[in-house]
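Student: I have a structure here, written as structure tokens, and I will follow up with some questions on it.
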Amino acid sequence: MGLTVTLILLGLILIFAEILLIPGVGIAGVLGLISIGGSCFYAFNEFGTMIGWIVTGINVLLIVLLAAYTLRAKTWKRLSLETNIDSKAVSSDYKVSLGDKGITMTRLAPMGMVRFGDESVEVKALEGMLDSGLEVEVVMIENGRIYVKPLTDDY
């Protein structure tokens, strides 16, 4: 009887781990189901039909209870991250303003780097692509993104 109980507990632990820790159809879930099935087979084989059906009923009940416990909202709320991220990936602390002129350091296709004085800033070409070494002017700043256009009309 000890092996039957051990197989049941091992199966429940593996299924629980599959649901909460390593989701997906993985090896832990398959091994858990094999363990639960093995406990039923062992109970039928060693203790007879009556005990086998009792063990099978207990297994079904325990799996239903495990599923109900893991699908509750409280279980997932305890496991979820409650931290809000309010930072932005792109810093808008540049000392660049409308009308500033700079030189493209890389090709703007349409994004690239421009040097304004001693500061290098990632910018976006207002239209098309611009080669490196061109003089550009800031024409728009929107949501932390800087838009430039070339000073010459060759583009």
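Student: Can you work out which of the residues in the stretch 19-68 that are within 24 Å of the chain's Cα centre (by Cα) and of a type outside the set (A, V, I, L, M, F, W, C) is surrounded by the most Cβ atoms within 10 Å (Cβ to Cβ)?
Tutor: Going through the qualifying residues, I end up with GLY29.
Student: Looking only at the stretch 7-36, which residues are over 19 Å from LEU71 (Cβ atoms) and free of Cβ contacts under 8 Å to residues at least 12 places away in the same chain?
Tutor: Of everything in the stretch 7-36, those that are over 19 Å from LEU71 (Cβ atoms) and free of Cβ contacts under 8 Å to residues at least 12 places away in the same chain turn out to be LEU9, ILE27, VAL30.
Student: Moving on. How many residues does the stretch 96-155 contain that are buried (at least 19 other Cβ atoms within 10 Å of the Cβ) and of a type in the set (S, T, N, Q)?
Tutor: Final tally of qualifying residues: 1.
Student: What pairs come out if I take residues in the stretch 70-91 that are under 30 Å from VAL123 (Cβ atoms) and pair them with residues that are outside any helix (DSSP H, G or I) and at pLDDT 70 or above whose C-beta lies under 8 Å away, six or more apart or interchain?
Tutor: LYS88/GLY144; VAL90/GLU122; VAL90/GLY144; VAL90/ARG145; SER91/GLY144
The values are calculated or read from the model by the stated rules, or taken from the named source; none is laboratory data. Computed from a predicted structure; not experimentally measured. Please note: Cβ atoms are built from the backbone with ideal geometry, for glycine as well, and neighbour counts cover all protein chains shown.
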